[in-house]
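Colleague: Following this message is one structure expressed as structure tokens.
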Amino acid sequence: MLRAGWMGSMFGLMALSMAAHAGATAKRESFGTMPDGKPVEAVVLTNAHGLSARVIAYGASLQSLRVPDRDGHFADIVLGYPSLKGYLEKPQYFGATVGRYANRIAKGRFVLDGHTYQVPVNDGPNSLHGGTRGFDKVLWTISAVSHDADKASVTLTYVSPDGDMGYPGKLSVTAVYTLDDRNQLSIRYGATTDKPTIVNLSNHTYWNLAGEGSGSVMDQRLTIAADAFLPIDATSIPTGQLRKVEGTPFDFRQPKPIGRDIRTADPQLLNGRGYDHNWVVSRTPAPAPRMVARVEDPHTGRVLTLSSDQPGLQFYSGNFLDGTTVGTGGHVYRQGDAFVLEPQLYPDTPNQPAFGSARLDPGHEYRNQIVYRFTTEPARAAR
């Protein structure tokens, strides 16, 4: 068995070495047509080791990401649809850029400079991910595509007009995806406004390190670098408390399987129907990305390390995947078949001053930097 594993690893390394001569590339291609006839472009980024990411202009979304396992076998590790039709007919935020305000705003209302704004309610009594037509449901513009010896990137832009979904200010947004030869996929979000507004952007990729459509992620091992989380009420709005994770099912400071404690009769797990909470990484944004989470699949050896400059991390355990979606590879997605890690400001920050501020003023730039690094671990010895 040791020799077979060694041989498999050698063949995997040979395959990666052969791919390494190609260099990074960025290739435009079609991904369908909108109902109004506008074409939807995609850009496939490939690095010198053969990793590839397809980014589509609809929702500035990560549609696929192929990375190798410990033996060099590639698989798509993000959930998605094989064509534009799925994204239009049954949107589920697969790989999407979410905003203007990622996560929830209580009752869809907030006050800014003495004026009360109402945004669409689309998640029970609350607003989720920008409302009924958030940034995940609009066609972005691919404004630049580039590649050189060690990285490839695509820049997407979108202009949200003043009053869009009830939000004040014309917001000009940029999303830059870059795949480099360190096997890192980074997303850099930026936004500017012409009048005071609120902003909170994030990426909503669903991950399964064993491969999309391969089944449950409950035995994949998660680490979150946070010693507190935000408890939620029955409508998934934070109560305002910061609760220590110690002694609770929310303690991921040391690696543990996602599903180890998910069936614990904890009121917070009942409120979220599993994990759907924000972890407190810090109280304010960091000057540069730092490690906030790590996930390892023991079967394939794939490891995802997530770095971010944001103070919060929303971890969602795929609770609402209900077996009615057929994904990219032709498999049905069921509850617990993926996890989501969204670096962001805390949910409902505009209504909870103790959480900080989501305000953006003219002359300032909103930023969110996310870095996903992919490595592998050898098989663990049997005990």
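The values are calculated or read from the model by the stated rules, or taken from the named source; none is laboratory data. Quick caveat: nothing in here was measured; it's all calculated off a predicted structure. Because the Cβ atoms are built from the backbone with ideal geometry, glycine has one as well, and the counts that use them run over all protein chains shown. Surface areas here come from the heavy atoms of the whole protein model, side chains and all, with no ligands, DNA or RNA. Shrake-Rupley method; radii C 1.70, N 1.55, O 1.52, S 1.80 Å.
Colleague: Can you tell me how the stretch 28-68 classifies by the Cα gyration tensor, rounded, prolate or oblate, using a/c under 1.5 as the rounded cut?
Modeller: Judged from the Cα gyration tensor, the stretch 28-68 comes out prolate (a/c at least 1.5, a/b above b/c).
Colleague: Still on this model: Which lysines have a Cα lying under 26 Å from the Cα of Lys137, excluding residues fewer than 8 positions away in the same chain?
Modeller: Correct list for Lys137: Lys27, Lys38, Lys85, Lys90, Lys107, Lys170, Lys195.
Colleague: With Cβ to Cβ distances under 14 Å as the rule, what net charge do the other residues near Ser308 carry (K, R +1; D, E -1)?
Modeller: After counting each charged neighbour, the total is +3.
Colleague: Local charge sum around Phe229 (other residues, Cβ-Cβ under 10 Å, Lys/Arg +1, Asp/Glu -1)?
Modeller: Every neighbour counted, the sum reads 0.
Colleague: Moving to a separate point now. Percentage of Cα-Cα pair distances in the chain greater than 38 Å, rounded to whole percent?
Modeller: So the pairs more than 38 Å apart make up 15 percent of the total in the chain.
Colleague: Separate question: Please compute the contact order of the stretch 31-103 in relative form: average sequence separation of alpha-carbon pairs under 8 Å and at least six residues apart, divided by the residue count, as a percent.
Modeller: 22 percent.
Colleague: Only helical DSSP H runs with n ≥ 4 go in: add -39500 (n - 2.57) per run for the chain, normalise by residue count and round the 222 nm mean residue ellipticity to 500 deg cm²/dmol.
Modeller: It comes out at -2500 deg cm²/dmol, rounded to the nearest 500.
Colleague: Do you know the relative contact order of the chain, to the nearest whole percent, from alpha carbon pairs under 8 angstrom that are 6+ apart?
Modeller: 17 percent
Colleague: Rounded to the nearest Å, what's the spacing between the alpha carbon centres of the stretch 308-328 and the stretch 351-367? Just the number, please.
Modeller: 25 Å
Colleague: Using a/c under 1.5 as the rounded threshold, could you call the stretch 124-254 rounded, prolate or oblate? The axes a ≥ b ≥ c are square roots of the C-alpha gyration tensor eigenvalues, and prolate needs a/b larger than b/c, oblate otherwise.
Modeller: Cα axes put the stretch 124-254 in the oblate bin.
Colleague: Could I ask something else about it? Work through the residues other than Leu51 whose Cβ is under 15 Å from its Cβ and net out their charges, Lys, Arg +1 and Asp, Glu -1.
Modeller: It works out to a net charge of +3.
Colleague: Let me ask something else about it. How big is the accessible area of His331 in square angstrom, nearest 10, if you roll a 1.4 angstrom probe over the protein chains?
Modeller: Accessible area of His331: about 90 Å².
Colleague: Please find, in a Gaussian network model of the chain (springs between Cα atoms separated by less than 10 Å), the residue of Val121, Val281, Val199 whose mean-square fluctuation is greatest.
Modeller: Comparing Val121, Val281, Val199 in the GNM, the peak value goes to Val121.
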